[in-house]
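I have placed the structure first, in the form of structure tokens, so that the comments after it can refer back to it.
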Protein chains: 2
Amino acid sequence: MKKPYILVTNDDGIDAPGLLALKRALEEVGEVVVIAPDHNWSAAGHTKTMHKPLRVNEVKLADGSPAYASNGAPSDCVALGVLGFLERKPDLVVSGINEGPNLGHDVTYSGTVAAAMEGVIAGIPSIAVSLADYEVSLESEALSYAAQFIARLAKSILAEGLRGDFLLNVNVPNLPREEIRGVEITRLGKRIYKDVLIERQDPRGRTYYWIGGEPPTGVPEEGTDIWAIAEKKISITPIKLDLTEYGLIERLKKWGLEV
Amino acid sequence: MKKPYILVTNDDGIDAPGLLALKRALEEVGEVVVIAPDHNWSAAGHTKTMHKPLRVNEVKLADGSPAYASNGAPSDCVALGVLGFLERKPDLVVSGINEGPNLGHDVTYSGTVAAAMEGVIAGIPSIAVSLADYEVSLESEALSYAAQFIARLAKSILAEGLRGDFLLNVNVPNLPREEIRGVEITRLGKRIYKDVLIERQDPRGRTYYWIGGEPPTGVPEEGTDIWAIAEKKISITPIKLDLTEYGLIERLKKWGLEV
């Protein structure tokens, strides 16, 4: 049997340790190609770059292995891969390992998740993976364990032939293996954002703003991704791309809206 | 009763005719404030700009009325509005009128929809609206009708007190009122993207790429947004922000994944 062909990308950029850890672990599963952004795109969302040309450069990762760096967003890196830059269509897209959690509504902003969405739209099973800690030292034991776990998950996905209009969003506690208490299949929880607008003056006296504040917290309701991480467990949430709120359709029909 | 306070933004930028048409129509419903990007952000996705400061300038729209232009993404414009740039929290966020459809998987890329998502995350009822035609001449009769329709919808939303973890994504045919055949409450349809990678050489012989190709088509299955537009009807799709694929949770639990 032909080796599975795996496209690896991220949103922290080509030099991120999480990308390299993921790539090395996935080499146990198949042939891996890396196309990643040449700079950090955190909170970039799902982007399709059409107003500027995309560049792709051959680079070397920290271990000397070859990779491609692009000026595009994470989702552009996947688009490049599936639209013909690669010789064949990948069997799996894996995006990460993100430095920080992607929980609850975070998934709507996440460049990591957006890259996996692009894979799904191209008909390829896709995984987004994050190390769920804002104080990310990228302590090598935790990162390396997270990468190993994803390699095992990738094998399961390929063996089960899991595919459809969804991706798997995985958050792994920033802990060594022996401190992780289990694996939970979860739903998205409720994020509580702590963003504040910080007003500053530039040297010319003109006002500008930062979106700042504390990292978000969340409601650790049992069964949610936020709960799983609070319990020091790995969270796997299936995320669908059909965003229809079916429960509202009948209610809205009763409004009798007319032209 | 206090007049509703309505925040209007878009992703085509502060100078877009769709923004002005929307603003004017919504002035029949409440007090309107415009905060919109100072340039075009189409296909920008859901963004939270944290790596650079946001500027906000007072500008005038084509009719001389005041507005705010920001260097941030559409979703940043809403974040600015709800985090304290405005004196009070808006009662409604309306994003558009986008020049081009946002149907099916388009909603995951759409800056127009992302701005409405940001409103929902802030707990505000939100609408995204698009003129569903790639050949947008922004023929004034169609644009003005779309804006009027949204004003009526806004009144219904405020009267019904509709709120929750969802937005309404509205696509209006690019036609005068008398040619529009009805209003449908729809689910998202299946887009068929026609993107192709176009390879070019720069004057120094280096390769670069465009994501190009034909506009997407779609499967006009009855009950979907793609079908409604094909039938020359207005499509209203409720879009939820809980992206969990609940139908997969039990199946994945059976995999018995372990640490």
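No lab work stands behind these numbers, since they all come straight from the coordinates. Worth saying up front: this structure is predicted, and the values here are computed from it rather than measured. Here Cβ is always computed from backbone atoms with ideal geometry, including for glycine, and neighbour counts include all displayed protein chains.
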Among the aspartates and glutamates, select those whose C-alpha is under 17 Å from the C-alpha of A:Lys48, and discard any that sit fewer than 8 residues away in the same chain. A:Asp11, A:Asp38, A:Asp76, A:Glu118, B:Asp11, B:Asp12, B:Glu99, B:Asp106, B:Asp195, B:Glu199, B:Glu214
Shielding of B:38-50 by partner chains, average beta-carbon count, 10 Å: 6
Protection proxy ranking, peptides B:102-112, B:19-29, average beta carbon neighbours within 10 Å, highest first: B:102-112, B:19-29
With the charge dipole of the range B:66-161 built from beta-carbon charges (+1 for Lys and Arg, -1 for Asp and Glu) about the Cα centre, the Cα from B:Tyr109, B:Val93, B:Ile150 projecting farthest to the positive end belongs to B:Val93
Per residue of B:26-36, how many C-beta atoms from partner chains lie within 10 Å of its own C-beta, taken as a mean? 0
In this model, which of B:Lys2/B:Lys23; A:Lys89/B:Lys190; B:Lys60/B:Lys89; A:Lys194/B:Lys190; A:Lys253/B:Lys232 are farther than 26 Å apart at the alpha-carbon? A:Lys194/B:Lys190
Dividing the convex hull volume of the Cα atoms of the range B:155-259 by its residue count, what figure in Å³ per residue is obtained? 254 Å³
Total formal charge among the other residues, if their Cβ is under 11 angstrom from that of A:Gly96, Lys/Arg +1 and Asp/Glu -1: -2
Can you classify the range A:207-259 as rounded, prolate or oblate using the Cα gyration tensor, where a ≥ b ≥ c are the square roots of its eigenvalues, rounded means a/c under 1.5, and otherwise it's prolate if a/b beats b/c and oblate if not? oblate
Place a +1 charge on the Cβ of each Lys and Arg in the protein assembly as shown and a -1 charge on the Cβ of each Asp and Glu, then give the dipole magnitude about the Cα centre in debye, rounded to the nearest 20. 160 debye
Normalised by the empirical 2.2 N^0.38 Å for globular proteins, what value does the Cα Rg of the range B:156-209 take? 2.13
Based on Cβ point charges of +1 for Lys and Arg and -1 for Asp and Glu, what charge dipole magnitude is obtained for the range B:150-195 about its Cα centre, in debye rounded to the nearest 20? 80 debye
Would you kindly compute the Cα radius of gyration of the range A:1-74 and its largest Cα-Cα separation (Dmax), both in Å? 12.7, 41
Please average, across the residues of A:74-83, the number of beta carbons from any other chain that are within 10 Å of each residue's own beta carbon, and give a whole number. 3
Over its alpha-carbon atoms, chain B yields an Rg and a Dmax in Å of 19.3, 66
Can you give the calculated 222 nm mean residue ellipticity of chain B, where each DSSP H run of n ≥ 4 adds -39,500 (n - 2.57) and the sum is split over every residue, rounded to the nearest 500 deg cm²/dmol? -7500 deg cm²/dmol
Rank by packing, highest mean first: peptides A:121-130, B:52-61, B:65-74, with packing defined as the count of other Cβ atoms within 10 Å averaged across residues. A:121-130, B:65-74, B:52-61
Suppose every K and R has +1 on its Cβ and every D and E has -1 on its Cβ; what is the size of the dipole of the range B:141-259 about the Cα centre, in Debye to the nearest 20? 180 debye
What FRET efficiency, computed as 1/(1 + (r/R0)^6) with R0 = 60 Å and r the Cβ-Cβ distance, is obtained for A:Lys254 and B:Asp202, rounded to the nearest 0.05? 0.55
Based on the inverse mean of 1/r over its pairs of different Cα atoms, what is the Kirkwood hydrodynamic radius of the protein assembly as shown, in Å? 23.3 Å
At q = 0.13, 0.20 Å⁻¹, what is the base-10 log of I(q)/I(0) for the range A:28-120 according to the Debye formula with one equal point scatterer per Cα and no solvent? Please give it to two decimals. -0.43, -1.02
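Using the membrane-span-like helix rule (whole DSSP H runs, Cα extent along the own axis of at least 24 Å, mean Kyte-Doolittle hydropathy at least -1.0), which helices of chain A qualify?
Details: long enough: A:140-160 (30 Å, 0.54).
Qualifying helices, which must be both long enough and hydrophobic enough, are A:140-160.
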